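A.B. asks: One structure, as structure tokens, below. Some questions next.
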Amino acid sequence: MAADLYPPLNLKISTPLLELHGATDDLLTQLLPVVRAGVAGSPPFPFDDPMSLYDDNPGRERRWLQAIWRGRGTVRPDSWRLYFAVMVEGQAVGMQDLLGREFDSFRTVSTFSWLAPGVRHRGLGREMRAAILHLAFEGFGASEATSEAFFDNVASNRVSEVMGYQPDGSDWATRRGEAAVLKRWRLTRDAWAANRRSDIELTGVDECKPVLYITDTVR
Ligand SMILES: CC(C)(COP(=O)(O)OP(=O)(O)OC[C@H]1O[C@@H](n2cnc3c(N)ncnc32)[C@H](O)[C@@H]1OP(=O)(O)O)[C@@H](O)C(=O)NCCC(=O)NCCS
């Protein structure tokens, strides 16, 4: 019922290794034990501030949920964020988000993700980025995707590099109050198309476009 009124909850992206499901409250509940156990507990810290996942419990879980609900509740033409649960063999093991800013004008997206510590470094990070890029470029007609990660986040920077993003300068941000350099990356539509996957399936895309103020023009 809620998904009929807010179609991003019905979005699904399937690859041979995993599925991304629109993050319903049931799926977020499945992820709560992972959030409780901690996804960013030791250096090098991966997220810039402010970030609920750095908070101490018991507030961490509530603030994490509230941030996602806030994101769902502030879908506007100039800014939206879609939240997906990463599903492997029926288990929720992480999150993959897609963010649009002035999407109908710029056709640019950015991404954000995390996995439970126990399932990292097995190729899932790369696969979920490929899945979300397929939604952005194939499903929504994006022109480019950007990403950024702290200089010492080897896995995230490597995922961007292997997906064909090019370095796009650097920036500063704080993590847990300490300043650190972010590496920025940019993937053009042509670079994505050169390595386009034919084994990724999208479900429920058209119903989302009006909600995200997307018109059907590829630029
Ligand atoms: C970022 C993240 C989602 C990547 O997922 P992952 O499943 O660990 O990454 P993959 O297994 O797909 O590996 C991607 C690449 O990074 C490399 N890599 C992954 N973890 C690594 C590590 N700890 N040390 C060195 N290299 C690593 C892999 O070898 C692979 O490179 P390759 O394609 O050349 O072999 C995951 O590590 C994570 O949740 N990290 C914490 C949160 C985070 O950093 N989020 C992103 C914020 S910008």
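The values are calculated or read from the model by the stated rules, or taken from the named source; none is laboratory data. Every value quoted in this text rests on a predicted model; they were computed, and no experiment measured them. Cβ sites come from the backbone with ideal geometry, for glycine too, and all protein chains shown count toward neighbours.
A.B. asks: Within segment 123-156, work out how many residues are near the ligand (Cβ under 9 Å from one of its atoms) and over 18 Å from GLY94 (Cβ atoms). Outline the logic, then answer.
C.D. replies: Of all residues in segment 123-156, those near the ligand (Cβ under 9 Å from one of its atoms) come to 123-129, 147-150, 153-156.
Narrowing the set further to residues that are over 18 Å from GLY94 (Cβ atoms) leaves 148, 150.
Of the residues in segment 123-156, 2 are near the ligand (Cβ under 9 Å from one of its atoms) and over 18 Å from GLY94 (Cβ atoms).
A.B. asks: Mind listing whichever residues of segment 106-122 are among the aromatic types (Phe, Trp, Tyr) and more than 8 Å from the ligand (Cβ to nearest atom)? Show your work before the answer.
C.D. replies: Within segment 106-122, the subset among the aromatic types (Phe, Trp, Tyr) is 106, 112, 114.
PHE106, the sole residue that qualifies.
A.B. asks: Continuing with this model, one more query. If you go through segment 185-203, how many residues are farther than 27 Å from PRO7 by Cα and without any contact (Cβ under 8 Å) to a residue 12 or more places away in the chain?
C.D. replies: Within segment 185-203, residues that are farther than 27 Å from PRO7 by Cα and without any contact (Cβ under 8 Å) to a residue 12 or more places away in the chain number 1.
A.B. asks: Of the residues ASP168, ASP152, ASP206, only one is more than 16 Å from the chain's Cα centre (by Cα), among the charged types (D, E, K, R) and assigned to a loop (DSSP other than H, G, I, E, B); which? Walk me through it before giving the result.
C.D. replies: Numbers: ASP168 fails: assigned to a loop (DSSP other than H, G, I, E, B); ASP206 fails: assigned to a loop (DSSP other than H, G, I, E, B).
From the options ASP168, ASP152, ASP206, the qualifying one is ASP152.
A.B. asks: Answer yes or no: is there a residue in segment 156-165 that is among the small types (Gly, Ala, Ser), in contact with a Phe, Trp or Tyr (Cβ under 7 Å, 6 or more places away or on another chain) and more than 17 Å from GLN96 (Cα to Cα).
C.D. replies: Residues of segment 156-165 that are among the small types (Gly, Ala, Ser), as a first pass: 156, 160, 164.
From the residues that got through so far, the ones that are in contact with a Phe, Trp or Tyr (Cβ under 7 Å, 6 or more places away or on another chain) too are 160, 164.
Keeping just the survivors that are more than 17 Å from GLN96 (Cα to Cα) gives 164.
Yes, that holds for at least one residue.
A.B. asks: Residues being under 20 Å from the mean Cα position of the chain (by Cα), more than 11 Å from GLU148 (Cα to Cα) and in a strand (DSSP E or B): count how many of those fall in segment 175-202.
C.D. replies: Within segment 175-202, residues that are under 20 Å from the mean Cα position of the chain (by Cα), more than 11 Å from GLU148 (Cα to Cα) and in a strand (DSSP E or B) number 5.
Conditions (1) closer than 27 Å to ARG72 by Cα; (2) touching a helix residue (DSSP H, G or I) at 6+ places or on another chain (Cβ under 8 Å); (3) of a type in the set (A, V, I, L, M); (4) at pLDDT 95 or above, marked per residue:
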{"site": "ALA142", "(1), (2), (3), (4)": "yes, yes, yes, yes"}
{"site": "ASP152", "(1), (2), (3), (4)": "no, no, no, yes"}
{"site": "ALA155", "(1), (2), (3), (4)": "no, yes, yes, yes"}
{"site": "GLY169", "(1), (2), (3), (4)": "no, no, no, yes"}
{"site": "GLU178", "(1), (2), (3), (4)": "no, no, no, yes"}
{"site": "VAL181", "(1), (2), (3), (4)": "no, no, yes, yes"}
{"site": "TRP185", "(1), (2), (3), (4)": "yes, yes, no, yes"}
{"site": "ASP190", "(1), (2), (3), (4)": "no, no, no, yes"}
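A.B. asks: In segment 1-120, which strands (runs of 3 or more DSSP E) lie fully inside it and hold 2 or more residues that are hydroxyl-bearing (Ser, Thr, Tyr)? Break it down into steps so the answer makes sense when it comes.
C.D. replies: Details: elements: 12-14, 19-22, 79-88, 91-101, 108-115.
Strands (runs of 3 or more DSSP E) meeting the threshold: 79-88, 108-115.
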